[in-house]
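The block underneath contains the structure these notes are about, expressed in structure tokens.
What follows draws every value from the coordinates through simple rules; no lab data is involved. This is a predicted model, so every value here is computed, not measured. All Cβ positions, even for glycine, are placed from backbone atoms using ideal geometry, and neighbour counts span all protein chains on display.
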Amino acid sequence: MLLTSRGRRIGGRVALGLVSTAVLGITGYAWTQLSRLDDGIVTADVIAPSAQVPHGPAGEPLKVAQNILLVGIDSRTDTNGNPLPQNVLDTLHAGAGDDGGDTTDTMIVVHIPVGGAAASAVSIPRDSYVDIAGGFGKHKINSAYSRGKNAAMNSLRAQGLTGAQLEVKANEAGAKLTIQTIEQFTGLSINHYAAVNLAGFSALSEAIGGVEVCLKEPVQDKRSGASFPAGKQLLSGPQALAFVRQRHGLPSDLDRIARQQAFLSSMAKTMLDAGTFTDPTRLSALVGAVQGSVVLDRGWDVVSFAQQLRGMSSGALKFQTIPVQSLSLPTPSDGDAVKVDPAEVKAFVESALTSTNVAAVGEPTGGIGIKPVAATSSVAAPPSPTPSAPPGCVN
């Protein structure tokens with residue numbers, strides 16, 4: 001992983017802090033403040049050149065539709081490959097440093113259309129039973145990261161890599177396999193990648209002063225540390241992480257997805273309403289919060305990306321979830337999984353995302369956007385999308 005230039009690094013922090021800024025347009029004043037903060041962010045070489053944003057004759061990035069894969073990684077290391085201290089893991093109710101297996105607990109694809117239209121975000125259940133890219137067979141989709149990472153370990157050790165350096169390069173392999181699997185499963189071309197670890201999510205929520213959520217019922221879960229009353233409340237730090245991570249005690253994993261969607265939407269609204277980008281103190285806290293917590297793909301031109309998002313608001317993001325056929329599919333080696341139909345998912349994604357893509361006819365895409373679904377596919381009409389969240393309380 002390498003450090004990028006100042007503008008790209010600082011803009012990248014904001015990109016992930018606001019659901020990869022998929023919901024915001026950055027003001028000129030805010031960008032000036034951000035560019036003065038020169039602490040680096042870690043980047044990874046995980047996006048193939050063919051999927052990166054094409055450039056015009058003068059070298060300027062073209063304004064094209066983009067798909068951003070956001071992942072929350074159940075990792076006990078920081079972005080530099082160093083183990084998180086045990087006291088931090090204890091505070092986050094994350095177990096020991098060797099727990100978790102580096103799976104992707106959260107996977108959301110954010111589609112940014114051209115022309116300022118509303119962005120769309122599609123959640124993928126972590127237990128979806130799919131073909132893992134690279135010939136790994138059928139498994140839960142959240143295991144792609146750990147399978148890619150573990151498979152790369154031997155060859156990286158043979159190259160003489162050890163310690164944190166080995167961890168960083170293996171993480172790149174895990175991210176690449178995750179991206180390839182998501183592309184294969186959804187039919188999308190992923191153009192950007194943003195990942196946050198457990199400690200990073202906690203820090204981001206604290207930096208903006210907390211996020212308002214609403215629960216239908218009181219919650220008590222010792223495993224995640226979730227302990228909340230019913231109704232509206234402001235969560236930050238380990239409490240915020242527990243809110244989005246809780247799995248036990250919920251009706252299904254889809255309820256956890258609903259929580260994640262509600263939290264991210266509320267986070268974006270909180271940051272806009274609080275004037276984070278016009279308040280130097282808040283802005284500095286946000287930028288500092290992501291140090292050691294965020295990984296972006298190396299080729300992300302966030303300056304151009306921020307300009308494309310200018311004028312968007314927190315209301316300009318619609319969350320949806322892919323259609324599922326069963327939440328209790330028995331599998332040979334992975335326990336119960338979520339049953340999905342890849343052809344149905346591709347049709348759903350195409351319908352959900354192309355409706356927001358307003359690129360001009362004939363505009364070069366350079367692999368950006370949605371890969372065509374085979375004309376021979378015969379699938380039922382996708383179900384109605386999951387309602388945007390919030391408003392309303394969640395389980």
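A few comments on the model shown:
- Computed from the Cβ-Cβ distance with R0 of 51 Å, the FRET efficiency linking GLN159 to GLU212 stands at 0.60.
- Label zone (GLN233, point 7 Å along Cα-to-C-beta; backbone nitrogen cut-off 19 Å) within the stretch 254-269: 255-267.
- Applying a DSSP loop filter and a limit of 12 other Cβ atoms within 10 Å to the trypsin sites (Lys or Arg not before Pro) in the stretch 191-282 leaves LYS216, LYS222.
- Cross-link partners of LYS232 among lysines, defined as those whose alpha carbon lies under 23 angstrom from its own and excluding same-chain residues fewer than eight positions apart: LYS216, LYS222, LYS269, LYS318.
- Site pair SER50 and SER284 shows an inter-label distance of 4.7 nm when each label is modelled 7 Å from Cα along Cα→Cβ.
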